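A.B. asks: Can you read through this structure? Questions will come right after.
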Amino acid sequence: MELHLKIKSAINAFKKFSLSGKLGLILILLILLMAIFAPWLSPHPHQRSSGSALIPPDSEHILGTDDLGIDLWAQITNGARISLLVGFGTALLAAVGGGIMGIVAAYKGGLIDKILMRLIDIMMVMPDLPVMILLAAFFGPSLFNIILVLAIFSWIRPARIVRSQVLMLKEQSYIKSAESYGAKSWYLIRKHFLPEVSPLLAVSIIRLSSRAIVAEAGLSFLGLGDPTSRSWGLIIHHALNFQGIYYTSFWRWWLLYPWLALTILTVSLAFIGRDLERIVDPRLGN
Amino acid sequence: MSHHKEYLLKVDDLSIVYTGEDDKVKAVDQLSLGLKEGESLGIIGESGSGKSSLALAIMGLIKDGEVQGKITYQEEDILAASAKRLKEIRWQKIALVFQNSLEVLNPVLTIGEQIKEPLRRNAQYSAQELEERVIELLELVGLNPDWRDSYPHNLSGGMRQRVLLAMALSCEPELLIIDEPTTGLDPVTKDEILQLLKKLQQRMDFSMIMISHDIGSIKELTSRVMTMYCGQVVEVGLTDKVLRDPFHPYTRGLLNSSPNLFKYKDLWGIEGEAKPGEGCAFSSRCCQSGANCFGARPPLEYVAVERRVACHKGGIEEFLEARNIKKTYQLKDKEITAVKEVSLKIKSGEVVALVGKSGSGKSTLAHSIAGVLDVDEGEVYYRGEQVTDNWATKMIGGMQIIFQDPSSSTSSRMKLLDVVKEPLEIIKWEDREQRKAKAIDCLKKVQLPTTEAFLNRYCHALSGGQRQRVAIARALVTEPKLLIADEITSMLDPSTQANLLRKLKGLQNQEGFSMLYITHDLHLARKIADKVCVMNEGEIVERGVSFEILENPKHIYTQKLLTKAFKGLI
């Protein structure tokens, strides 16, 4: 019965999305499944050579192979794991961290708020790509460092949104009542502020993850990614490093398919993000 | 009028015990009082509180009871006086106007004869003089002398009262004791009798003790008043002040049951029966009795100028005191002082209405008192202790505030049950089951359904009135002793409003619950408020007992407010 109700509410939630949103959801679901079942989806290994180099797509290697003879389909399915991990990991870290900072700044006010707002101002005017490159180079290429660096440049938006929301919320009399019953800050954050701002954070997470995935691809493209975990960006980086790729036909599979995967993922996220925003805040309308 | 320092009448430690077949009844219990010459003393109390026994004892008329103590009249001990001397004192010095009824007068004698009787007994008059004196007396009490040949059953109640008065005044007494002069009389006659008594007292200059249930008569005729309960004095003070601001819960109970003090207010009797025991006799019915009230009898002690109260807690407790509250809002280019040094007191079991138009600073004051708003200056004391860090609002049996706007006072995102039990969750009261049970209990009080489906509804799915009631239930869940209610009924339909207010009034009378009721609905304020504070531009411009403020406002702003509010009366 419980499960039945949950499925029903999930279907109802799905129905609220527009056509593009529905498409986005389905595509994201497929990419997720692809990432989860990566080892079973491709017959070939993604780190070792499994045929001749640079074979165009055929029945054996459905998306062809790269210059080392590694199967591209295997690389893309496994790369989805990295891209999604970086995307959602960064987004989650940035949204939760930024969200909590926003709540604390708004609720506590005073000096904390002032310091945080100035910090946000500084982060906003800082050119993010050069600094990211610097930081990534400084910390060294590892997946965790990439997530951290991306998160450092992503928490500003959620922090600002949450702060303004909490500034409004804390004037509500139910918060004042709770305070008068002796509620501590942690209780208010846990019971009132977080649940209240979580829909906004959800939208942020979707937006940020799409941004993080592209940024990760960018960093990888610049050679700052983790060479051991081959993300989609890194595949593109390798392909482009192949001298004279545009003079050959190799780009038709080696470059096209990772690019296509990346584009489908970010476009789907954009669709979902747009719909979620509308659903969370009915005033925006459609 | 001569002003003697000594008392005309002095009663010390008087006890009267009637011995029945099975048990002894203590009608008067260690009572002391003093009456100066020219003074008029009112005695109030419920039936059976010993008022009439006291009057009879002063007259030396207690026959079948055991009398202890001392009654001194002009330095003469009445209890020790001989029967002959007593007869002289009666009528000539002290006269009693009996409680009006047919039995008091002899049915077979004309009233003329009956008035002649005390005259004949106390002085030597010729028949002619007697007749003249009777006519004179009847004229004095405003009765046509032609009635002197009638029999008592020919007379109306008001006329008989006049006859009794004529008899009592026949020997020009120095002290007149009047027992229930207006009981059973119609309003017009009652007023005539009261005016007559007033006129007679001025003309004949007698001292007076008036026993009455009728607070209106007491207010009209006496300068001091004494409240009796179970044969004991519980409060003594100047009539004007006692009626305006009673210090003993019993006196207040009597006043709240009196319809003629303030005609618009609701009537509330005192709950329970009199059960005199070891400790304070009133403790079993008192709304503020605590553990120490049952131990010993409280002494009658001075609590203010000319005011003595017998209460272990020194009279009605003071729940809230706000001192010099000041709050200024900073706007961009100007400063707005919303509350200017306002002080406020609320006693236990009192409903104080804070009225005024919107923007007068009512809500700011309420929020400052409840501690949800930081004040610029001033302190708040709850039960004598300064409120810091919200201690008074985060406890069971403390202070609670209910906000005006229901859509903001409950979170749309939360389930109804979670909203109502939130205070209990925060103060970590008992366990889950008990919290839920208590929440359901409070929801019943505000007349909301308590089915599982309803409890799990989200607040955004409720109507404004329902949400308001949820907010009220949440405030009641901590069993507050003091409720600060900011326009709580403005969102309710009249029927729910009436039911809720009656519930709160019930709590007030049973448990000493008190309320600061902020409203701009003066009709409601008139119905439920004991005291009224009128606020205008951040200041309390007029404050006092509701019957005075709402009937007879002094301040020009209050007058304006009232004329506007009551203009549309149907």
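The values are calculated or read from the model by the stated rules, or taken from the named source; none is laboratory data. The structure presented is a predicted model; accordingly, all values stated were derived computationally and were not measured. Ideal geometry is used to build each Cβ from the backbone, glycine not excepted, and the neighbour counts take in all protein chains shown. Side chains included, ligands, DNA and RNA excluded: accessible areas come from the protein's heavy atoms. Shrake-Rupley method; radii C 1.70, N 1.55, O 1.52, S 1.80 Å.
A.B. asks: Residue B:509: closer than 28 Å to residue B:272 by Cα and open to solvent by 10 Å² or more (accessible area, probe 1.4 Å), yes or no? Steps first, answer last, please.
C.D. replies: Details: closer than 28 Å to residue B:272 by Cα: yes; open to solvent by 10 Å² or more (accessible area, probe 1.4 Å): yes.
Answer is yes for this residue.
A.B. asks: Can you pull out every residue in region A:189-227 that is open to solvent by less than 10 Å² (accessible area, probe 1.4 Å) and within 14 Å of chain B (Cβ to nearest Cβ)?
C.D. replies: A:192, A:193, A:197
A.B. asks: For region A:237-249, how many residues meet the condition of being open to solvent by less than 50 Å² (accessible area, probe 1.4 Å), closer than 20 Å to residue A:78 by Cα and touching a residue at least 24 places away in the same chain (Cβ under 8 Å)?
C.D. replies: Restricting attention to region A:237-249, the residues satisfying the condition of being open to solvent by less than 50 Å² (accessible area, probe 1.4 Å) are A:237, A:239, A:244-245, A:248-249.
Those still in the list that are closer than 20 Å to residue A:78 by Cα too: A:237, A:239.
Filter once more, keeping what is touching a residue at least 24 places away in the same chain (Cβ under 8 Å): A:239.
Looking only at that region, the number is 1.
A.B. asks: Suppose the filter is open to solvent by 20 Å² or more (accessible area, probe 1.4 Å) and in a loop (DSSP other than H, G, I, E, B); does residue A:260 pass it? Before you say what the answer is, go through the steps one by one.
C.D. replies: On the way: open to solvent by 20 Å² or more (accessible area, probe 1.4 Å): yes; in a loop (DSSP other than H, G, I, E, B): no.
In short, no.
A.B. asks: Could you list, in sequence order, the residues of region A:16-48 that are without any contact (Cβ under 8 Å) to a residue 60 or more places away in the chain, surrounded by 18 or more Cβ atoms within 10 Å (Cβ to Cβ) and not in a helix (DSSP H, G or I)?
C.D. replies: Across region A:16-48, the qualifying residues are A:42, A:44.
A.B. asks: Name the residue that is nearest to the other protein chains (Cβ to nearest Cβ), counting only residues in region B:444-498 that are farther than 20 Å from residue A:181 by Cα and of a type in the set (Asp, Glu).
C.D. replies: Here the answer is B:487.
A.B. asks: Residues B:54, B:96: which one is under 14 Å from residue B:171 (Cα atoms) and crowded, with 20+ Cβ neighbours inside 10 Å?
C.D. replies: Working: B:54 fails: under 14 Å from residue B:171 (Cα atoms).
Answer to the check: B:96.
A.B. asks: Mind checking which residues of region B:405-434 are open to solvent by 30 Å² or more (accessible area, probe 1.4 Å) and either facing chain A (nearest Cβ under 8 Å) or not in a loop (DSSP other than H, G, I, E, B) (or both)?
C.D. replies: Passing the criteria: B:405, B:407, B:413, B:415, B:418, B:425, B:427, B:432, B:433, B:434.
A.B. asks: Continuing with the same structure: Which is away from chain B (no Cβ under 14 Å) and in a loop (DSSP other than H, G, I, E, B), of A:130, A:158, A:141?
C.D. replies: Working: A:130 fails: in a loop (DSSP other than H, G, I, E, B); A:158 fails: in a loop (DSSP other than H, G, I, E, B).
It is A:141.
A.B. asks: Something else: Among the helices (runs of 4 or more DSSP H) lying completely within region B:30-134, list those that include at least 1 residues that are closer than 20 Å to residue B:180 by Cα and of a type in the set (Gly, Ala, Ser).
C.D. replies: Numbers: elements: B:51-58, B:83-92, B:111-122.
It comes to B:51-58.
A.B. asks: Looking at (1) under 23 Å from residue B:299 (Cβ atoms); (2) modelled with pLDDT of 90 or more; (3) buried (at least 21 other Cβ atoms within 10 Å of the Cβ), which is the one condition that is false for residue B:241?
C.D. replies: Evaluating residue B:241 over (1) under 23 Å from residue B:299 (Cβ atoms); (2) modelled with pLDDT of 90 or more; (3) buried (at least 21 other Cβ atoms within 10 Å of the Cβ) leaves (3) as the failure.
A.B. asks: Which residues, taken from region B:435-481, are closer than 28 Å to residue B:387 by Cα, touching a residue at least 24 places away in the same chain (Cβ under 8 Å) and part of a helix (DSSP H, G or I)?
C.D. replies: Step one: filter region B:435-481 for residues closer than 28 Å to residue B:387 by Cα, giving B:435, B:438-439, B:442, B:468-481.
Of the ones still in play, those that are also touching a residue at least 24 places away in the same chain (Cβ under 8 Å) are B:438-439, B:442, B:468-481.
Listed by number, the residues that qualify are B:438, B:439, B:442, B:468, B:469, B:470, B:471, B:472, B:473, B:474, B:475, B:476.
A.B. asks: Can you tell which of A:252, A:230, A:163 is closer than 26 Å to residue A:47 by Cβ and either surrounded by 21 or more Cβ atoms within 10 Å (Cβ to Cβ) or within 14 Å of another protein chain (Cβ to nearest Cβ) (or both)?
C.D. replies: On the way: A:252 fails: either surrounded by 21 or more Cβ atoms within 10 Å (Cβ to Cβ) or within 14 Å of another protein chain (Cβ to nearest Cβ) (or both); A:163 fails: closer than 26 Å to residue A:47 by Cβ.
Of the residues listed, the single one that is closer than 26 Å to residue A:47 by Cβ and either surrounded by 21 or more Cβ atoms within 10 Å (Cβ to Cβ) or within 14 Å of another protein chain (Cβ to nearest Cβ) (or both) is A:230.
A.B. asks: Counting only residues that are in a helix (DSSP H, G or I) and either among the acidic types (Asp, Glu) or within 24 Å of residue B:214 (Cα to Cα) (or both), how many does region B:137-193 have?
C.D. replies: Residues flagged as in a helix (DSSP H, G or I) and either among the acidic types (Asp, Glu) or within 24 Å of residue B:214 (Cα to Cα) (or both) within region B:137-193 amount to 23.
A.B. asks: Hey, another quick one. Name the residues in region B:222-233 that are open to solvent by less than 10 Å² (accessible area, probe 1.4 Å) and not polar (S, T, N, Q), would you? Spell out how you get there, then give the answer.
C.D. replies: Looking only at region B:222-233, we keep the residues that are open to solvent by less than 10 Å² (accessible area, probe 1.4 Å), and these are B:225-229, B:231.
Across region B:222-233, the qualifying residues are B:225, B:226, B:228, B:229, B:231.
A.B. asks: Could you check region B:482-501 and list, in sequence order, the residues that are touching a residue at least 60 places away in the same chain (Cβ under 8 Å), open to solvent by 10 Å² or more (accessible area, probe 1.4 Å) and either more than 16 Å from residue B:519 (Cβ to Cβ) or small (Gly, Ala, Ser) (or both)?
C.D. replies: Of all residues in region B:482-501, those touching a residue at least 60 places away in the same chain (Cβ under 8 Å) come to B:482-488, B:490-491.
Adding the requirement that they be open to solvent by 10 Å² or more (accessible area, probe 1.4 Å) leaves B:487, B:490-491.
The one that is touching a residue at least 60 places away in the same chain (Cβ under 8 Å), open to solvent by 10 Å² or more (accessible area, probe 1.4 Å) and either more than 16 Å from residue B:519 (Cβ to Cβ) or small (Gly, Ala, Ser) (or both): B:490.
A.B. asks: Mind checking which residues of region B:390-402 are open to solvent by less than 10 Å² (accessible area, probe 1.4 Å), assigned to a loop (DSSP other than H, G, I, E, B) and either hydrophobic (A, V, I, L, M, F, W, C) or more than 9 Å from chain A (Cβ to nearest Cβ) (or both)? Reasoning before the result, please.
C.D. replies: Step one: filter region B:390-402 for residues open to solvent by less than 10 Å² (accessible area, probe 1.4 Å), giving B:392-393, B:398-402.
Within this subset, residues satisfying the condition of being assigned to a loop (DSSP other than H, G, I, E, B) are B:392-393, B:398.
If the condition is that a residue be open to solvent by less than 10 Å² (accessible area, probe 1.4 Å), assigned to a loop (DSSP other than H, G, I, E, B) and either hydrophobic (A, V, I, L, M, F, W, C) or more than 9 Å from chain A (Cβ to nearest Cβ) (or both), then B:392, B:398 are the ones that fit.
A.B. asks: Restricting region B:358-389 to residues that are farther than 17 Å from residue B:405 by Cα, touching a residue at least 40 places away in the same chain (Cβ under 8 Å) and part of a loop (DSSP other than H, G, I, E, B), which is least open to solvent (accessible area, probe 1.4 Å)?
C.D. replies: B:360
A.B. asks: Out of all the residues in region B:251-283, which are β-branched (Val, Ile, Thr) and in a loop (DSSP other than H, G, I, E, B)? Give the steps one after another, and end with the answer.
C.D. replies: Residues of region B:251-283 that are β-branched (Val, Ile, Thr), as a first pass: B:251, B:270.
Within region B:251-283, just B:270 meets the criteria.
A.B. asks: Taking region A:166-220 on its own, how many of its residues are free of Cβ contacts under 8 Å to residues at least 40 places away in the same chain, part of a helix (DSSP H, G or I) and not hydrophobic (A, V, I, L, M, F, W, C)?
C.D. replies: Adding up the residues that qualify gives 14.
A.B. asks: Within region B:158-195, can you find the residues that are within 13 Å of residue B:101 (Cβ to Cβ) and surrounded by fewer than 17 Cβ atoms within 10 Å (Cβ to Cβ)?
C.D. replies: Once the filter is applied, which keeps residues that are within 13 Å of residue B:101 (Cβ to Cβ) and surrounded by fewer than 17 Cβ atoms within 10 Å (Cβ to Cβ), region B:158-195 yields B:183, B:184.
A.B. asks: To continue, here is another question. Can residue A:186 be described as open to solvent by 60 Å² or more (accessible area, probe 1.4 Å), hydrophobic (A, V, I, L, M, F, W, C) and within 14 Å of chain B (Cβ to nearest Cβ)?
C.D. replies: Values: open to solvent by 60 Å² or more (accessible area, probe 1.4 Å): yes; hydrophobic (A, V, I, L, M, F, W, C): yes; within 14 Å of chain B (Cβ to nearest Cβ): yes.
Answer is yes for this residue.
A.B. asks: Taking the condition open to solvent by less than 20 Å² (accessible area, probe 1.4 Å) and outside any strand (DSSP E or B), does residue B:525 pass? First the steps, then the outcome.
C.D. replies: Details: open to solvent by less than 20 Å² (accessible area, probe 1.4 Å): yes; outside any strand (DSSP E or B): yes.
Here the answer is yes, as residue B:525 does meet what is asked.
A.B. asks: Of the residues A:51, A:69, A:99, which is in a helix (DSSP H, G or I), of a type outside the set (Phe, Trp, Tyr) and either under 18 Å from residue A:209 (Cβ atoms) or in contact (Cβ under 8 Å) with a residue 12 or more places away in the chain (or both)?
C.D. replies: On the way: A:51 fails: in a helix (DSSP H, G or I); A:69 fails: in a helix (DSSP H, G or I).
Unique residue meeting the criteria: A:99.
A.B. asks: Taking the criterion of being facing another protein chain (nearest Cβ under 10 Å) and closer than 28 Å to residue B:265 by Cα, would at least one residue in region B:350-372 satisfy it?
C.D. replies: Let us first name the residues in region B:350-372 that are facing another protein chain (nearest Cβ under 10 Å), namely B:367, B:370-372.
Within this subset, residues satisfying the condition of being closer than 28 Å to residue B:265 by Cα are B:367, B:370.
Checked against the condition, which is being facing another protein chain (nearest Cβ under 10 Å) and closer than 28 Å to residue B:265 by Cα, region B:350-372 yields at least one hit.
A.B. asks: Only one of (1) farther than 28 Å from residue B:512 by Cα; (2) surrounded by 17 or more Cβ atoms within 10 Å (Cβ to Cβ); (3) of a type in the set (Phe, Trp, Tyr) fails for residue B:454. Which number is that?
C.D. replies: For residue B:454, the exception is condition (2).
A.B. asks: Just to be sure I understand, how many residues within region B:282-302 are touching a residue at least 60 places away in the same chain (Cβ under 8 Å) and open to solvent by less than 20 Å² (accessible area, probe 1.4 Å)?
C.D. replies: Adding up the residues that qualify gives 1.
A.B. asks: Tally up the residues in region A:263-286 that are at pLDDT 90 or above and surrounded by fewer than 21 Cβ atoms within 10 Å (Cβ to Cβ), please.
C.D. replies: Of all residues in region A:263-286, those at pLDDT 90 or above come to A:263-272.
From what is left, the residues that are surrounded by fewer than 21 Cβ atoms within 10 Å (Cβ to Cβ) are A:263-264, A:266-267, A:270.
Residues flagged as at pLDDT 90 or above and surrounded by fewer than 21 Cβ atoms within 10 Å (Cβ to Cβ) within region A:263-286 amount to 5.
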